[in-house]
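One structure below.
The values are calculated or read from the model by the stated rules, or taken from the named source; none is laboratory data. All of these numbers come straight from a predicted model, not from anything done at the bench. We place every Cβ from the backbone using ideal geometry, glycine too, and count neighbours over all the protein chains shown.
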Amino acid sequence: MEPDHTSRVARRLWSAIEPIAANVYFAPEVHAAFEELGFDGTRGGADGIQFPDRVAYFTSRGACLGHVPGHVVAAAFGVFKIDLVVDAVAEGWAKTDRDTILDARRRGATASLSRILGREPEGLPRATAILQRMAAAAPHEGRHLFAGLSSLGFPGDPMGDFWRAADLVREHRGDSHVAAWVSAGLDAVEIGLITDPWRGTPIKSWVRTRGWSDEELEAGCERLRSRGGLDGETLTDDGRRLRDEIERVTDVGETRLIDALGDDEEELFSLLEPWRDAVVEAKGYPGAGARQAAAAATAATR
C-alpha cells in the first residue's frame, strides 16, 4: 500500500473513530457512573460539552494497564504533566479498584452511545467485525494502552463490542503518535505547544489543559525557538514541517491496521461517519470552540 494512501485512510479513520471512542470522556452516563464510585463527576463544561473529572479520567483510562502508579499512566498518556497524573491516580485508587472502575467506564460508554445511536443501529455488527479485524492485525510493540485494552477482551454485547473495537483503534494511533514525537526529540510540553498552532488554535491554548504552568510553557517555547520551530509564538516553516512529519510517521505506524481494512474502506466509513456526526451533534465530543473555551477556563484558574 502506498504511503500517501496509508496517510489518507489513517487520518480519515481517526476523524471518524475519535468522537465515537472518546465520547466516554464527555458522556453524562459515564460521569454519573463515576460519581457512584465517589468521584466528582463532570468538572464543568463549554459549548454544551461536559468535561470529565480529572481524577476519574486518569484512573479510568489508565486502568487497562492494571493497578499501576501514576508514573506509568503518565508515561503511557505522554502529554500530561507527570505530577498531575501521579496525584490524580493515587487519589483514584483510594476511591476504587481496577475492575470496578473499568466496569463503570464500560457501562457508561455503552449507555451513552446507545442513547445517541440507538441500541443496535443498522450495520453495527459489520462495523464491529471490520474494526476487530483491524485491531487484530495491529502490532502491540510499544503500544501500551492498546495492549492494555487488548488484555480486557470484548464485553460480549453488541454496543460494548463495537465501542471496545473503536477504542482499540483509537488508542493504537495514540500510542503510535507518542512514539513518533518522542523519536523526533520532542518532550511533552513541546509537542503540545507546536500542535496548537498546527491545528489552527492559539499557541499555549489547549496544551494548558495538560497541567503545564506558564513558566513551563514559556520554557518549552524557548526550546522550540532554539531549534527553529517557533519565531516568537508563531510556528515557522521548519516547525510546521516537523509537526507534519510527526503526523506522517504516526500514519506509518498504522500501516498494518490500515492494510487489514482492505476493500472494506468505503463500507466502514459509510457506517462510522454518520455515527460520528451524531455524537458530535449530541454534544458528545468537543469541537474547536469547546476546546478553546476549556483552555481559556484552565488559564483563568491559574
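The table that follows gives values for the structure above.
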{"read-out": "Subset tally (residues that are under 18 Å from the mean Cα position of the chain (by Cα) and farther than 20 Å from residue 21 by Cβ) for the range 89-112", "value": "1"}
{"read-out": "Boolean, residue 154 is over 18 Å from residue 267 (Cα atoms), touching a residue at least 24 places away in the same chain (Cβ under 8 Å), of a type in the set (A, V, I, L, M, F, W, C) and in contact with a Gly (Cβ under 9 Å, 6 or more places away or on another chain)", "value": "no"}
{"read-out": "Exclusive hit being surrounded by 21 or more Cβ atoms within 10 Å (Cβ to Cβ), in contact with a Gly (Cβ under 8 Å, 6 or more places away or on another chain), hydrophobic (A, V, I, L, M, F, W, C) and at pLDDT 95 or above, set 224, 257", "value": "224"}
{"read-out": "Tabulated pairs, the range 102-116, first more than 14 Å from residue 56 (Cα to Cα), second outside any helix (DSSP H, G or I) and of a type in the set (A, V, I, L, M, F, W, C), C-beta under 6 angstrom, 6+ apart or interchain", "value": "112/27; 116/282"}
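Here is a yes/no grid of residues against (1) surrounded by fewer than 21 Cβ atoms within 10 Å (Cβ to Cβ); (2) in a helix (DSSP H, G or I); (3) touching an Asp or Glu at 6+ places or on another chain (Cβ under 9 Å); (4) at pLDDT below 95:
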site	(1), (2), (3), (4)
4	yes, yes, no, yes
11	yes, yes, yes, no
18	yes, yes, no, no
21	no, yes, yes, no
33	no, yes, yes, no
38	yes, no, no, no
73	no, yes, no, no
84	yes, yes, no, no
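Table: residues versus (1) of a type in the set (A, V, I, L, M, F, W, C); (2) surrounded by fewer than 20 Cβ atoms within 10 Å (Cβ to Cβ); (3) within 29 Å of residue 67 (Cα to Cα).
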residue	(1), (2), (3)
106	no, no, yes
134	yes, no, yes
163	yes, no, yes
167	no, no, yes
186	yes, no, yes
196	no, no, no
209	no, yes, yes
